[in-house]
1. Any idea which residue in the range 38-59 is nearest to GLU168 (Cα to Cα), counting only those that are crowded, with 20+ Cβ neighbours inside 10 Å and among the aliphatic types (A, V, I, L, M)?
2. Checking the structure you have, find out if any residue of the range 211-228 is more than 22 Å from ALA140 (Cα to Cα), aliphatic (A, V, I, L, M), at pLDDT 95 or above and surrounded by 17 or more Cβ atoms within 10 Å (Cβ to Cβ).
3. Give me the residue from the range 163-187 that is surrounded by 24 or more Cβ atoms within 10 Å (Cβ to Cβ) and of a type outside the set (A, V, I, L, M, F, W, C) and, out of that set, farthest from PRO107 (Cα to Cα).
4. Can you name every residue in the range 47-101 that is modelled with pLDDT under 95 and among the charged types (D, E, K, R)?
5. Looking only at the range 120-131, decide whether some residue is surrounded by 23 or more Cβ atoms within 10 Å (Cβ to Cβ) and either under 18 Å from the mean Cα position of the chain (by Cα) or of a type outside the set (A, V, I, L, M) (or both).
6. Got a number for residues in the range 188-218 being of a type in the set (A, V, I, L, M) and more than 23 Å from VAL26 (Cα to Cα)?
7. Please count how many residues of the range 38-67 are under 26 Å from VAL150 (Cβ atoms), of a type outside the set (Ser, Thr, Tyr) and touching a residue at least 24 places away in the same chain (Cβ under 8 Å).
8. Regarding LEU79, is this residue under 26 Å from ASP232 (Cβ atoms) and under 13 Å from the mean Cα position of the chain (by Cα)?
Amino acid sequence: MESSEAGLPIVFVHGLRVSGTMWRPVIHAIGPDHPTAAPDLPGHGSRSGEPFSMAGDVAAVADAIDQLGGRALLVGLSLGGFVATATAGAHPERVRGLVAMGCSTRPSGLFAAAYRGASRLAARHPQGADRLSAFAFRRALPGPAGEALVAGGLSSRNASSVLTAVCETDTLASLAVYPGPVWLVNGERDHFRRDERQFLAACRDGRLLLLPRCGHLTGLADTKALAGLVRDAAAVVTAGTSTAAAPGGLR
């Protein structure tokens with residue numbers, strides 16, 4: 001059980017190619033009231049030499065939850081959102097609530113084929129892909145948010161295995177079995193929101209939040225707003241009022 005003297009523990013899960021450092025600005029903005037962790041997933045950051053698998057990622061997140069007392073709010077973006085959702089489905093007793101960002105899609109058809117091609121190319125030329133990714137991250141997110149994305153190193157060599165694992169993961173099934181509160185958070189311009197209504201319908205206790213004028217990653221730019229969203233979700237979970245949508249939510 002988490003300590004009654006501290007706020008709800010929060011575990012942040014990072015996206016493809018990057019590491020737990022991507023969450024540093026948000027964790028700093030949240031402040032000391034909530035115990036936090038942002039583990040590196042296998043195949044990324046300090047664990048870049050390890051093979052990637054969805055089961056290994058879920059185990060890494062579960063370990064981070066245990067280190068914070070055994071129950072936590074999960075916050076994940078992109079790959080991190082898929083991993084956080086899989087963790088909630090596999091270990092619902094450990095997950096007090098779920099904030100799944102930029103992952104409301106079922107990769108299939110031409111959409112998946114395009115990403116498979118790009119991921120294979122990145123895996124074949126990882127150094128060049130890492131340099132291009134670093135440039136793109138800093139251009140999309142100038143300042144601390146972009147620097148946090150690259151601070152822990154980039155791992156494009158695992159892109160193909162990551163995409164394969166995500167495509168083979170039944171995210172809707174994880175949402176359907178998880179009984180706790182879920183926030184599906186998508187940028188208004190994010191192509192990963194195409195199945196968001198289907199994802200919302202799969203949730204037992206879900207709400208959908210749209211970030212105006214944001215794409216897949218640019219929601220990270222407004223660190224204060226994102227930290228506020230996470231704090232609001234933690235407050236809802238702590239108060240036990242999970243059926244109330246967060247401010248600005250679409251139910």
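The values are calculated or read from the model by the stated rules, or taken from the named source; none is laboratory data. Just so we're clear, the structure is a prediction, and the values are computed from it rather than from any experiment. Note that we place each Cβ from the backbone using ideal geometry, even for glycine, and neighbour counts take in every protein chain shown.
1. Ranking the candidates gives MET54 first.
2. no
3. Step by step, filter the range 163-187, then rank; the result is PRO181.
4. Scanning the range 47-101 gives a single hit, GLU50.
5. Within the range 120-131, none of the residues are surrounded by 23 or more Cβ atoms within 10 Å (Cβ to Cβ) and either under 18 Å from the mean Cα position of the chain (by Cα) or of a type outside the set (A, V, I, L, M) (or both).
6. Residues meeting the conditions: 3.
7. 16
8. yes
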